[in-house]
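Okay, so here's the structure we're looking at.
The values are calculated or read from the model by the stated rules, or taken from the named source; none is laboratory data. Note that the structure is predicted; figures quoted are calculated from it, not measured. When we count neighbours, we look across all protein chains shown, and the Cβ atoms used for this are built from the backbone with ideal geometry, even at glycine. Quick note on the areas: whole protein, heavy atoms, side chains included, nothing else; ligands and nucleic acids left out. Shrake-Rupley method; radii C 1.70, N 1.55, O 1.52, S 1.80 Å.
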Amino acid sequence: MKRVLIALALLSAPALADTDLPPPRWADEQLPDARQEAAAQALMATLRCLVCQGQSIADSDADLAGSMRAMVRTRIAAGEKPEAVRGWLVDRYGNWVSYTPPLTPLTWPLWAAPLLLLGAGLWLARKRFARRR
Amino acid sequence: MKPRFIPIFFFIALVAVFTWRLVYPPGTAVYSQLVNREIPPLSLPSARPGQPPVTSASLATGKPQLVNLFGSWCVPCMAEAPNLMRLKQEGVSIVGIAIRDRPSAVAAFLGEHGDPFGAIGLDSDSRAQVALGSGGVPETFVVDGKGVIRRQFIGGLDADSLPEVRRALAEAAQ
């Protein structure tokens, strides 16, 4: 039984593996300046992790997310504005890396769809609002 | 068309869209925006002891090259190593960038899987990886003689991709 368990444990190792280097210093350590750290965290919460694309880099445990957090903190500590850092990342990866997409001919439904659907719902239910005699 | 059938048609359209995306899901790869743009300024220490750093200037040699992002810890990189060796034997110049790696681990990896690389840069904190717009390893960039990125291949190069790589290198030579 013990051998079966050991074999199962060995087989359950991750297939793609990951680096065994420790994460960069600023991946998980907070900046000493509280205002800079707050700005960095606000930015990190709105940048998408490219490995686990449903999470921000603030939440993701992926190694690349740690490296990106370290990069964000280093740049903000050096005095760069958060929007400049976001712009630099969007320049590399495109709009998908940012949780605040710009308004473009492709993305306008993100804002318009709720209003359109609400309008459609009101139209469908219009008879309910008609005055009854 | 009777108005009472409109909701049914909307439902069928919705099911059609869901079925389409179940059968053809969108890829999750995020491609670099730097294709057809110059390699960003880079300076990476060499992963080979005693060798000069790998810089963006050293990637504009006048001849198209491949820049291969890999890691000694990365399993698909082990799988693509024979294909890189084949390209090297055909005379392709390949610059390696070892992501989140140690020189000793890189040397062990090359000893075991073959060394197709000319220079190898060490990117221990993924800064070069992010600067290139790369989302993971293995990835291969085709860079022309002027240092402009012409193509990006995401994932390990398998034998079926090699003709496309050769085509991309030939186009980059023009």
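Some points to look at:
- Given a 1.4 Å probe and the protein chains as shown, B:Tyr31 ends up with an accessible area of around 120 Å².
- Prolate/oblate/rounded label for the stretch B:28-104 (Cα gyration tensor, a/c 1.5): rounded
- Aspartates and glutamates with Cα under 18 Å of A:Lys2, excluding same-chain neighbours fewer than 8 positions away: none
- Descending by average beta-carbon neighbour count within 10 Å, the peptides B:121-133, B:9-21 line up as B:121-133, B:9-21, the highest first.
- A 1.4 Å probe run over the protein chains yields, for the stretch B:78-140, 34 Å² of accessible area per residue, whole-number rounding.
- Each peptide among B:64-72, A:123-131 gets the average number of other Cβ atoms lying within 10 Å of its residues, and from highest to lowest they stand as B:64-72, A:123-131.
- Accessible surface for B:Asp160 stands near 130 Å², nearest 10, in the context of the full protein assembly shown (1.4 Å probe).
- Cα gyration tensor, the stretch B:74-174 - rounded (a/c under 1.5), prolate or oblate: oblate
- Per the accessible-area calculation with a 1.4 Å probe, the total area buried between chain A and chain B rounds to 1900 Å².
- P(r), alpha carbons of chain A - 5 Å bins starting at zero, rounded %: 2, 9, 14, 14, 12, 9, 8, 8, 7, 6, 5, 4, 2, 1, 1, 0, 0
- Charge dipole of the protein assembly as shown about the Cα centre (unit charges at C-beta), most positive-ward option of B:Val30, B:Val95, B:Ala16: B:Ala16
- Selection from A:Leu43, A:Thr100, A:Ala130, by position along the positive dipole direction of the stretch A:29-133 (Cβ): A:Ala130
- Cα-projected label distance for A:Ala42 with B:Ala159, points at 7 Å along beta-carbon direction, nm: 5.6
- Helix content alone sets the calculated 222 nm mean residue ellipticity of chain B: runs of n ≥ 4 DSSP H residues at -39500 (n - 2.57) each, divided across all residues, give -10500 deg cm²/dmol.
- Top of A:Leu21, A:Leu122, A:Leu110 by mean-square fluctuation, Gaussian network on chain A, Cα under 10 Å: A:Leu122
- Residue-averaged beta-carbon neighbours from other chains (10 angstrom radius) around A:64-70: 4
- Here A:Leu110 and B:Thr19 are evaluated by their C-beta separation; at R0 = 41 Å the FRET efficiency comes out at 0.95.
- Each Lys and Arg adds +1 at its Cβ and each Asp and Glu adds -1 at its Cβ; summed about the Cα centre, the stretch B:21-174 shows a dipole of about 260 debye.
- Cα-based helix-to-principal-axis angle, B:6-23 vs chain B, degrees rounded to 10: 20
- Most to least packed among A:95-105, A:41-51 [average Cβ atoms within 10 Å]: A:41-51, A:95-105
- For the stretch A:40-133, the relative contact order is 22 percent, taking Cα pairs closer than 8 Å that sit 6 or more residues apart in sequence and dividing their mean separation by the residue count.
- Using R0 = 45 Å, the C-beta based FRET efficiency linking A:Ala17 and B:Arg167 works out to 0.90.
- By the rule of a C-alpha distance below 24 Å, with chain neighbours fewer than 8 residues away ignored, the lysines paired with B:Lys146 are B:Lys63, B:Lys88.
- Cα gyration tensor shape of the stretch A:66-133, rounded if a/c is under 1.5, else prolate or oblate by comparing a/b with b/c: prolate
- Taken about its Cα centre, the protein assembly as shown carries a charge dipole of about 2120 debye when Lys and Arg each add +1 at the Cβ and Asp and Glu each add -1 at the Cβ.
- The protein assembly as shown - convex hull of the alpha-carbon atoms, volume per residue in Å³: 265
- Exercise: per-residue mean of other protein chain Cβ atoms within 10 Å, B:66-76: 2
- Only protein heavy atoms count here; on that basis, with a 1.4 Å probe, A:Met71 has an accessible area of about 20 Å².
- For chain A, the membrane-span-like helices by this rule, meaning whole DSSP H stretches whose C-alpha atoms cover at least 18 Å of axis and whose Kyte-Doolittle mean is 0.0 or above, are A:63-77, A:108-124; this says nothing about an actual membrane.
- Peptide-level mean, for B:34-41, of C-beta atoms on other protein chains within 10 Å: 1
- Atom-type composition of the exposed protein surface of the protein assembly as shown places 63 percent of the accessible area on carbon and sulfur (1.4 angstrom probe).
- Separation of the stretch B:109-163 from the stretch B:5-71 is 11 Å, based on Cα centroids.
- For chain A, a simple Cβ point-charge model (Lys and Arg +1, Asp and Glu -1, everything else neutral) yields a dipole of about 1400 debye relative to the Cα centre.
- Placing unit charges on the Cβ atoms of the charged side chains and taking the dipole of chain B about its Cα centre, the candidate lying farthest along the positive direction among B:Ser43, B:Gly135, B:Leu69 is B:Gly135.
- Distance between the 7 Å Cα→Cβ label points at A:Lys127 and B:Ser46: 8.2 nm.
- Mean separation of Cα pairs under 8 Å and 6 or more residues apart, divided by the residue count, gives chain B a relative contact order of 29 percent.
- B:Arg151, B:Arg4, reordered so the largest accessible area comes first (probe 1.4 Å): B:Arg4, B:Arg151
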